[in-house]
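The values are calculated or read from the model by the stated rules, or taken from the named source; none is laboratory data. If you're wondering where the values come from, they're calculated on a predicted model, not measured in any experiment. For neighbour counting, all protein chains shown are included, and Cβ atoms are generated from backbone atoms with ideal geometry for every residue, glycine included. SASA here: full protein model, heavy atoms, side chains in, ligands and nucleic acids out. Shrake-Rupley method; radii C 1.70, N 1.55, O 1.52, S 1.80 Å.
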Amino acid sequence: MWYDKPATVWNEALPIGNGRIAAMVFGDPAKEKLQLNESSFWSGGPSRNDNSDGLKGLDSIRYYIFNGNYTRANMLSNKFLTAKQLHGSMFQVIGNLNLAFDGTENYTDYYRELDLEKAIFTTTYKVGNISYKREVFTSQPDQVIVVKLTSSKPGSLSFTANFDGELQKSIQALDAHTLEMTGLSGTHEGVSGQVKFDTRAKIINSGGTTAVESNKIRVSNANEVIILISIATNFVDYKTLTANEVEKCSNYLASAQTKPYPTLLKSHIAAYQKYFKRVNFDLGTSPAAKFTTDARIKNFSTTSDPELVSMYYQFGRYLLISSSQPGGQPANLQGIWNGSNNPAWDSKYTININTEMNYWPAEKCNLTEMHEPLIQMIKELSESGKETAKVMYGSNGWVAHHNTDIWRICGVVDFADAGMWPMGGAWLSQHLWEKYLYNGDLKYLESVYPVLKSACQFYKDFLIEEPEHKWLVVSPSISPENTPFGHSSALSAGTTMDNQLLFDLFTKTIKAARLLKQDEALTADFQKILDRLPPMQVGRFGQLQEWLGDWDNPNDQNRHVSHLYGLYPSNQISPYTSPKLFDAARTSLIHRGDVSTGWSMGWKVNFWARLLDGNHAQKLIKDQLTLVNPVNSRFGYGSGGGTYPNFFDAHPPFQIDGNFGCTSGITEMLLQSQDGAINILPALPDDWKNGSISGLRTYGGFDISITWENNQVQKIIIISHLGGNCRIRVPNEIDLSGNKKLIPASGDNSNAFFAQVKVKDPLISASANLNPVTLKQTFLYDLPTEIGKVYTLIHKK
Ligand code: FUC
């Protein structure tokens, strides 16, 4: 990624981070700015938001929903269920480190880049005939941000360094080499800010002098300067703020400053590349690639620039490695990069799609370690949400609604039509099982099983019988942030997504219990619940119904496509085992349209990949890679989504889920493993004629590398980490290398990680016209594998 101008606004600056600390770097020759974040710096402090009046209203709300008085149900939900005071805290800003350079106004030969292979920001420029260079990276092993300033002529580095920040309490120069800023997070919704931070910049110069100028440091005539930035807070965990931020901050610095720059650099690159290098992706290049990244985004819809897709894909992996590291906080709505103390949607965790989307690439893009902070957050929510379940609904188990934050709030936020969705825990819990399908690790499964079980226990108590079919349904609830056609409120019972989520939750929990040989009697109860969930329904327009009633409007272009959760990320809808649902899902998606908010388009790339339509998936990538004015940060809920010059996804405003969603979708176009086999190039667009991708991970622990030419698979390399049958579906016939024959697949796949789900047959409206599902020819093979062995498959001669 490179540019020929410095960033003038935030959406042009480039992100670096190590999962805990991060910066947006602007690269202005005269006035460098590093806008700093730390992942635990949130407003307020440990707090809860359960409305304890819940039980006073629950029965009436349910009564009004079943009797079609949605207005009344909505009013009572807001009164008895919505949080009274706390709607979530805000992820906030540490401040800026500013470097003002002397005599740099008239520079030439400007260049700015973010090297995704090494996770290093670099800018170079000339003043007169002196060349200057700045390199910036965030070290994970050393927990500091490192800046290196060099120039071609000794003695030509002169600048002033200072900190500023809206939430600062003190700024001072501790000595002629060390700046310090301390601060406290903001008070929000009546909870006083309790997160304290300490940040320090250590300026190490060779040649020249340094001096304190009030609370700044002045560097004069240096040959080379290294600046180490350390940040720490008093955060220990979501209940505890007792760490000593000053000690932590100075310890990181003390340890880093004992190491020479090349050592810091080397360990940074090694730690980053351990993850990044697992996947290589090549779609070829084109003349379009010689332009700056912002120009390429601008030209993308009118030129052929396949390399921009592979770069955007790797940028998604870069962002996940940089914003989500074991032991830290999960990536929030903006990952870890936020420049405002009152950010959009508080930059918190929206768990009715956005947080889950952040982690869609984790396993399949071979970044399983990056998934860990989310798994940890789910464990914490299961503790916090247990009290919510008791206090609000008198139920066992745990529940979370549509948002959470660093304090792991689980109540209903905002207002009922958005927040009254007791399914956040059910969706997040899918990640617990999903991870197991990739790693096959029973010890891991055992560690998360109590969370799955407790999630089921909540619904065991909370589900009620719906009067018409006697199905068990969730009520009150919504289909995230969408209102049925003609209804006065979004509130309803038994929405399609809720039913699909519960189908998955109970199915997976029962499977886990069996594998772990636990809870036989309880899982028998769970099975009875499973049997009484509503089936999916196909409505009068041939669409997959979003609600229990046939209330969809074919002109509804809401950004959420919640009822297609069953298509992606779940695997309840398959062209092979449920073609009618497959067709109905496609009809629903066509009704929803393409262009939307950033994350919605990212989701649709995954949908079209699952619908095996590579050209339509590519169309959505084009829609998403539409350049959005970096100054435009106003909320948009319809069209207007796209990509900022710095490759960040524009909802608008910036929201990182779109980046991760699209990275996931591109993977789904090339490789899928949810439908009984490993499907190679299931949705390859006609345009991506030649290419290769290596190191992707599938269910059952296989690493897959694919090379294709003229849209045909040439070579597949499979590394088997768990052994077992490897069933593969390919668009053309293949053989084992060394002239060995592959066996055509027969019967069910013996590999349990690939077991297909059996959903109930859908109910289909008498007015629905379904379209036939025609599929391209594919070839299906079985390859028995052994742990640790590598297998090479090649195009059949
Ligand atoms: C949900 C979405 C919005 C936005 C917000 C953070 O409310 O409906 O589009 O992504 O989360």
Next on the checklist: For LYS84, give me every one of the lysines with a C-alpha distance below 26 angstrom, ignoring sequence neighbours fewer than eight places off in its own chain.
Outcome noted: LYS56, LYS239, LYS348, LYS379, LYS386, LYS390
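Tell me the Kirkwood hydrodynamic radius of the stretch 681-797 in angstroms, computed as one over the mean inverse distance between distinct C-alpha pairs.
Values: mean 1/r = 0.0622 Å⁻¹.
After inverting the pairwise mean of 1/r, the radius is 16.1 Å.
After finding the eigenvalues of the alpha carbon gyration tensor for the chain, what semi-axes result from the square roots of 5 times each, listed largest first in whole Å? Could you put the intermediate results ahead of the total?
Numbers: eigenvalues 388, 219, 113 Å².
Each semi-axis is √(5λ); the values are 44, 33, 24 Å.
How would you classify the stretch 639-740 from its alpha-carbon gyration tensor, with a ≥ b ≥ c the square roots of the eigenvalues: rounded for a/c under 1.5, else prolate if a/b is greater than b/c, otherwise oblate?
Working: a/c = 2.86, a/b = 1.90, b/c = 1.50.
Judged from the Cα gyration tensor, the stretch 639-740 comes out prolate (a/c at least 1.5, a/b above b/c).
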Next on the checklist: Rounded to two decimal places and with Rh computed the Kirkwood way over Cα pairs, what is Rg over Rh for the stretch 710-775?
Outcome noted: 1.10
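With a cut-off of at most 13 other beta carbons within 10 Å, and DSSP calling the residue loop, which trypsin sites (Lys or Arg not before Pro) in the stretch 460-513 qualify? Please list them.
Details: sites: LYS460, LYS470, LYS508, LYS511; in loops: LYS470.
Passing both the DSSP loop test and the Cβ count: LYS470.
Using the C-alpha atoms of the stretch 143-228, what convex hull volume per residue, in cubic angstrom, is computed? Intermediate values should be presented prior to the final figure.
Values: hull volume 8.2 nm³, N = 86.
Considering the Cα atoms of the stretch 143-228, their hull volume per residue is 95 Å³.
Would you mind working out the accessible area per residue for the stretch 559-668, using a 1.4 Å probe, and quoting it in Å²? Could you put the intermediate results ahead of the total?
Working: 2460 Å² over 110 residues.
With the other protein chains kept in place, the stretch 559-668 gives 22 Å² per residue.
Taking the Cα centre of the chain as origin, work out the dipole magnitude from +1 charges on Lys and Arg Cβ and -1 charges on Asp and Glu Cβ, in debye rounded to 20. Don't jump to the answer; show the numbers that get you there.
Numbers: 74 positive and 78 negative charges, 217 e Å.
Here the chain has a charge dipole of around 1040 debye.
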Checklist outcome for this item: Restricted to pairs 8 or more residues apart or on different chains, the lysines in the stretch 704-797 with C-alpha atoms under 29 Å apart form a number of pairs equal to 19
Checklist entry - What percent do you get for the relative contact order of the stretch 11-127 when only Cα pairs under 8 Å and 6+ apart count? => result 29 percent
Next on the checklist: Give me the percent of accessible area attributable to carbon and sulfur for the chain, probe 1.4 angstrom.
Outcome noted: 50 percent
Item to check | Difference of contour (0.36 nm per residue) and Cα-Cα distance, ARG540 to SER131 | outcome: 140.4 nm
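Kirkwood Rh over Cα pairs of the stretch 658-711 into Stokes-Einstein at 37 °C, 0.692 mPa s: D in µm²/s? If you can, show how the numbers build up before the last one.
Values: Rh = 11.7 Å.
In µm²/s, the coefficient is 281.
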Checklist entry - Cα-based count: Lys pairs in the stretch 455-604 below 20 Å, eight or more positions apart or different chains? => result 10
Checklist outcome for this item: One finds, for ASN342 and ASP175 with R0 = 41 angstrom and r their Cβ-Cβ distance, a FRET efficiency to the nearest 0.05 of 0.70
Checklist entry - Mind checking the angle between helix 598-610 and the chain's longest principal axis? C-alpha axes, 0 to 90 degrees, to the nearest 10. => result 50 degrees
Checklist outcome for this item: Expressed in µm² per second, the diffusion coefficient of the stretch 553-676 from the Stokes-Einstein equation, with Rh the Kirkwood radius over alpha carbon pairs, at 4 °C and 1.567 mPa s, is 90 µm²/s
Checklist outcome for this item: In Å, the Kirkwood estimate of hydrodynamic radius for the stretch 577-639 over Cα pairs equals 12.7 Å
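Just to be sure I understand: if I project the alpha-carbon convex hull of the stretch 190-259 onto a plane and average over all orientations, what area do I get in nm²?
Working: hull surface 26.6 nm².
It is 6.6 nm².
Considering only protein heavy atoms, what per residue accessible area in square angstrom results for the stretch 166-261 with a 1.4 angstrom probe?
Working: 4170 Å² over 96 residues.
Computed with neighbouring chains in place, this is 43 Å² per residue.
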Checklist entry - In the stretch 702-797, which GluC sites (Glu not before Pro) fall in coil by DSSP and have 10 or fewer other Cβ atoms within 10 Å? => result GLU786
Next on the checklist: On a straight-distance basis, which lysines could pair with LYS274 in a cross-link, Cα separation under 17 angstrom, same-chain partners fewer than 8 positions away excluded?
Outcome noted: LYS118, LYS266, LYS364
Next on the checklist: Give me the mean projected area, in nm² to one decimal, of the convex hull enclosing the Cα positions of the stretch 513-558.
Outcome noted: 5.1 nm²
Checklist entry - So what is the relative contact order of the stretch 76-163, in percent, for Cα pairs below 8 Å that sit 6 or more residues apart? => result 25 percent
Item to check | Between helix 657-670 and the chain: long-axis angle, C-alpha atoms, 0 to 90°, nearest 10 | outcome: 60 degrees
Checklist entry - With axes computed from alpha carbons, what is the tilt in degrees of helix 261-276 against the longest principal axis of the chain, rounded to the nearest 10 within 0 to 90? => result 10 degrees
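Give me the tail of P(r) for the stretch 74-131 as a percent: Cα-Cα pairs with distance above 19 Å.
The proportion of pairs with Cα distances above 19 Å equals 65 percent.
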Checklist entry - What is the spread of the Cα atoms of the stretch 451-500 along each of their three principal axes, largest first, in whole Å? => result 37, 25, 15
Checklist entry - Cα centroids of the stretch 321-351 and the stretch 539-605: how far apart, whole angstrom? => result 28 Å
Item to check | Separation of alpha-carbon centers, the stretch 113-165 and the stretch 445-498, rounded to whole Å | outcome: 52 Å
Next on the checklist: Can you give the FRET efficiency to the nearest 0.05 for ASN299 and ALA524, using r as the Cβ-Cβ distance and R₀ = 60 Å?
Outcome noted: 0.50
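Looking at the stretch 351-500 from every direction and averaging, what is the projected area of its Cα convex hull in nm²?
Its average projected convex-hull area is 9.6 nm².
Would you please name the GluC sites (Glu not before Pro) within the stretch 97-161 that are DSSP coil residues with at most 10 other C-beta atoms within 10 Å of their C-beta? Mind dumping the intermediate values first?
Numbers: sites: GLU105, GLU113, GLU117, GLU135; in loops: GLU105, GLU117.
Taking the stretch 97-161 and a limit of 10 other Cβ atoms within 10 Å, the loop GluC sites (Glu not before Pro) found are GLU105.
Could you do me a favour and compute the accessible area per residue for the stretch 677-740, 1.4 Å probe, result in Å²? Don't jump to the answer; show the numbers that get you there.
On the way: 2120 Å² over 64 residues.
That works out to 33 Å² per residue.
For the chain, give me the percentage of DSSP beta bridges that are antiparallel, rounded to the nearest 5 percent.
Details: 132 of 138 bridges.
Bridges in the chain that DSSP calls antiparallel: roughly 95 percent.
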Checklist entry - Near LYS5, which lysines are there with a Cα under 18 Å away, not counting those fewer than 8 places off in the same chain? => result LYS31, LYS33, LYS126, LYS133, LYS290, LYS298
